[in-house]
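The values are calculated or read from the model by the stated rules, or taken from the named source; none is laboratory data. Being a predicted model, the structure only gives us computed values, none of them experimental. No Cβ is skipped: glycine too gets one built from the backbone with ideal geometry, and neighbour counts run over all protein chains shown.
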Amino acid sequence: MKNNIRVERAIKNMTQEELANQVGVSRQTINTIESNKYIPSTLLALKIARVFGKPVEDIFSLDETDLK
Amino acid sequence: MSTNYLFPYKTRWLGLILILVHIPVKLWWDARYPGGYDHNIPYVEGEVTPLFSPPHLFYIATTLMVLVGLFLIAFSKEKIEDEQIAQLRLDSLRWAIYLNYAILLFSLIFTQGGNSKHFLTLNIWLPLLFFILRFQWVLYRLNRSAKPE
């Protein structure tokens, strides 16, 4: 699964720490999601999308390896 | 979020204190009863150890104190207990159970009689200890990989 959290954060001029606080996780978790090491739960994905004011599909998308 | 049945964050310090406190207790007991007891379950073949006799009290003051200490350390929350931490916790717990049963199977095959008792003693704290070590190790790796921006 891919995501563009890093881009969205840059648009909003927001640090990992600030995003983490808003969705109630640690900064490390935001970091591992951004570097595609950790796949968030649906709940967390929805919370992150809400912070950016966009539908979840605009932030997260499937990549080819997920479709196999 | 769902309930996760963990102890509060600060409980880990209580656990650590229990483990540290058991050291002077053990030393004091060794001085009082030279060549006395080890950390084993107070069980002698063909004998009944009376409740709250010196060996039994020693067992409570050392083995059980360490056990409760390890338990509190293992199952206290992290500062921010989020879903990734929960996943790492579960993963470490799985490895601890694997290792525990590997050792148990090994001991069932290769030991007999009294020696099995030592493995039972080992079984009391080994899964908890391995879980704590493995969990702390993955947390350390997680923190190291997530460098500050």
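Restricting attention to region B:12-65, the residues that are part of a helix (DSSP H, G or I) and either modelled with pLDDT under 65 or among the hydrophobic types (A, V, I, L, M, F, W, C) (or both) add up to 20.
Being of a type in the set (D, E) and facing another protein chain (nearest Cβ under 8 Å) is the filter here; which residues of region B:79-92 pass it? Can you show your working first?
From region B:79-92, those of a type in the set (D, E) are B:81-83, B:91; that's our starting set.
Hits for region B:79-92 are B:D82, B:E83.
Go through A:I30, A:I59 for me and flag whichever is within 11 Å of the chain's Cα centre (by Cα), closer than 20 Å to B:E78 by Cβ and not small (G, A, S). Full working, then the answer.
Working: A:I59 fails: closer than 20 Å to B:E78 by Cβ.
On inspection, the qualifying residue turns out to be A:I30.
The residues in region A:28-46 that are surrounded by 22 or more Cβ atoms within 10 Å (Cβ to Cβ), facing chain B (nearest Cβ under 8 Å) and either among the β-branched types (V, I, T) or on the phi > 0 side of the Ramachandran plot (or both) can be counted, and the count is 1. Note on region A:9-27: residues that are surrounded by fewer than 18 Cβ atoms within 10 Å (Cβ to Cβ) and under 21 Å from B:K79 (Cβ atoms) total 6.
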